[in-house]
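Enquirer: Quick one: structure below, then a few questions.
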Amino acid sequence: MSSEEVLSEVIALLTSRLADAQSEGAKDAGLADLSLRRFTYLEMIARLGNPMPTELARKLRVSRPTVSVAIDRLDEAGYVRKSRSDEDCRSHHLHLTVKGEQFSRAHEGIHRSIVQMLTTGLNEAEVAQLSALMSKVLTHIKT
């Protein structure tokens, strides 16, 4: 099998396993009402720490109206709340609610299980090598 075929197979398997892990983790945490897309929005809000919708749209590479619709749905579902900006009353910040924080903690656990899945069977040197290679890949993906 060529290197490209191996990588393609790994990506296909990881995609499937990642979706399963997220779905299972969501069920275990009582968050089964979240789609993978909503997971992405909540994860980014947690990472950015109370962003404005414009910042969220920029980071997710989607339009501001797309973010608005998603945030309204997450607000209705009780995961996010909006608060007016002190600097610009026309704008608002996004905050995770208690339910959103519960999601964030559960999602961190999902990430830890995925890391475990990726590193099982590797020794310490191989984990370091994988990490270095993935850092290099990440640098190119982000640009």
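Values quoted throughout were computed directly from the atomic coordinates according to the rules given, and no laboratory measurement underlies them. The model shown is predicted, which means the values in this text are computed figures rather than measured ones. Note: ideal-geometry Cβ built from the backbone for every residue, glycine included; neighbour counts use all protein chains shown.
Enquirer: Over the Cα atoms of the chain, each weighted equally, I'd like the Debye log10 I(q)/I(0) at q = 0.14, 0.21 Å⁻¹, rounded to two decimals.
Expert: -0.80, -1.32
Enquirer: Sort out for me the Cα centre separation of the stretch 57-72 from the stretch 109-143, rounded to whole Å.
Expert: 29 Å
Enquirer: Now, a different point. Can you tell me which of 58-64, 47-53 comes out highest on packing, and rank the rest after it, using the mean Cβ neighbours within 10 Å?
Expert: In decreasing order of mean packing, 58-64, 47-53 become 47-53, 58-64.
Enquirer: Sticking with this structure for a sec: Going 7 Å from the Cα of Thr97 along its beta-carbon direction, which residues of the stretch 55-86 have the amide nitrogen within less than 14 Å of the resulting point?
Expert: 71-83
Enquirer: Okay, moving on. Could you please rank Ile141, Ile45, placing first whichever residue has the fewest other Cβ atoms within 10 Å of its Cβ?
Expert: Going from least to most buried by this count: Ile141, Ile45.
Enquirer: Further question: Which loop trypsin sites (Lys or Arg not before Pro) in the stretch 76-140, with loop taken from DSSP, have no more than 10 other Cβ atoms within 10 angstrom of their Cβ?
Expert: Arg90
Enquirer: Given the Cα-Cα distance of Val137 and Met1 and 0.36 nm per residue of separation, how much length would full extension add, in nm?
Expert: Gain on stretching Val137 to Met1: 46.8 nm.
Enquirer: Another one. Can you list residues whose amide H is under 5 Å from His92's amide H, if they're 5+ apart or on another chain and H is modeled 1.01 Å from N?
Expert: Ser85
Enquirer: Rounded to whole Hz and in sequence order, give me ³J(HN,Hα) for the stretch 98-106 from the Karplus expression 6.51 cos²θ - 1.76 cosθ + 1.60, θ = phi - 60°, writing x for Gly and Pro.
Expert: 4, 5, x, 5, 4, 4, 4, 5, 5
Enquirer: To continue, here is another question. Under the definition of Cα pairs under 8 Å and six or more residues apart, what whole-number percent is the relative contact order of the chain?
Expert: Dividing the mean separation by the residue count of the chain yields 23 percent.
Enquirer: While we're on this one: As I understand it, the value is the acute angle between the Cα axis of helix 3-28 and the longest principal axis of the Cα atoms of the chain; what does it come to in degrees, rounded to 10?
Expert: Relative to the chain, helix 3-28 is tipped by roughly 50 degrees.
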